[in-house]
Amino acid sequence: MATFSGSGGTVLVGSNAIGEIKTYTIDETMDTLEDTSMGDTSRTYKASLKTFSGSCDVMFDDTDTAQQAMTVGSEVTMSFQMEGNTTGDHKLSGTVLITGRSISASFDGLVEASLSFQGTGALTEGTVA
């Protein structure tokens, strides 16, 4: 079984890698529909619709094309590449709506940004071409 080091990953917006990335999270869930009927002794369910959402934390960079494309309300294609950007590397990708951006700073630190997104459509699992 292969494992990946988080420091080797990259996240792309379109074909542009997000610079100064610190962390990212992707949550994929599926709704269920209850189909229990009278006479059943246990509840039963059917699979329904899938969705995904997530967030990305970065060191704020106003010259980073990928970061600047992630304005609240924008729709972008994102690719989360756990191993890096080499042919055959594992990735998740999909179209997202940017739903939030939080920028923070402290007197003894760097300016950081936290970006949140909601997937629209399917999250695709594959490899870098």
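Can you go through Glu83, Glu28 and tell me which one is surrounded by 10 or more Cβ atoms within 10 Å (Cβ to Cβ), in contact with a Phe, Trp or Tyr (Cβ under 8 Å, 6 or more places away or on another chain), charged (D, E, K, R) and in a loop (DSSP other than H, G, I, E, B)? Before you say what the answer is, go through the steps one by one.
Numbers: Glu28 fails: in a loop (DSSP other than H, G, I, E, B).
None of the other options fit; the residue is Glu83.
Residues to consider are Leu123, Leu110, Leu49; find the one that is of a type in the set (A, V, I, L, M, F, W, C), in contact with an Asp or Glu (Cβ under 6 Å, 6 or more places away or on another chain) and either surrounded by 10 or more Cβ atoms within 10 Å (Cβ to Cβ) or within 15 Å of Gly14 (Cβ to Cβ) (or both).
Details: Leu110 fails: in contact with an Asp or Glu (Cβ under 6 Å, 6 or more places away or on another chain); Leu49 fails: either surrounded by 10 or more Cβ atoms within 10 Å (Cβ to Cβ) or within 15 Å of Gly14 (Cβ to Cβ) (or both).
Unique residue meeting the criteria: Leu123.
Would you point out which residue out of Thr86, Thr71 is within 22 Å of Ile18 (Cβ to Cβ) and touching a strand residue (DSSP E or B) at 6+ places or on another chain (Cβ under 7 Å)? Quick ask: steps written out before the conclusion?
Details: Thr86 fails: touching a strand residue (DSSP E or B) at 6+ places or on another chain (Cβ under 7 Å).
Residue meeting the stated conditions: Thr71.
Which one is surrounded by the fewest Cβ atoms within 10 Å (Cβ to Cβ) among residues in the range 1-19 that are modelled with pLDDT under 90 and in a loop (DSSP other than H, G, I, E, B)? Give the derivation first.
So the first thing to find is which residues in the range 1-19 are modelled with pLDDT under 90, and the list is 1-9.
Cutting the leftovers down to in a loop (DSSP other than H, G, I, E, B) gives us 1-5, 9.
Numbers: Met1: 2, Ala2: 6, Thr3: 5, Phe4: 13, Ser5: 9, Gly9: 19.
Ranking the qualifying residues of the range 1-19, first place goes to Met1.
Rundown of residues vs (1) modelled with pLDDT under 95; (2) of a type in the set (Gly, Ala, Ser); (3) over 24 Å from Ser7 (Cα atoms), yes/no style:
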| site | (1), (2), (3) |
| --- | --- |
| Arg43 | no, no, yes |
| Lys46 | no, no, yes |
| Leu49 | no, no, yes |
| Gly54 | no, yes, no |
| Val58 | no, no, no |
| Asp62 | yes, no, no |
| Gln68 | yes, no, no |
| Met78 | no, no, no |
| Asn85 | yes, no, no |
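Do we have Thr71 as surrounded by 11 or more Cβ atoms within 10 Å (Cβ to Cβ), assigned to a strand (DSSP E or B) and either in contact (Cβ under 8 Å) with a residue 40 or more places away in the chain or touching a Lys or Arg at 6+ places or on another chain (Cβ under 9 Å) (or both) here?
For Thr71, the condition - surrounded by 11 or more Cβ atoms within 10 Å (Cβ to Cβ), assigned to a strand (DSSP E or B) and either in contact (Cβ under 8 Å) with a residue 40 or more places away in the chain or touching a Lys or Arg at 6+ places or on another chain (Cβ under 9 Å) (or both) - is not met.
The values are calculated or read from the model by the stated rules, or taken from the named source; none is laboratory data. It should be emphasised that the depicted structure is a prediction, and the values quoted were computed from it without experimental measurement. Positions of Cβ are backbone-derived with ideal geometry, glycine not excepted, and every protein chain shown enters the neighbour counts.
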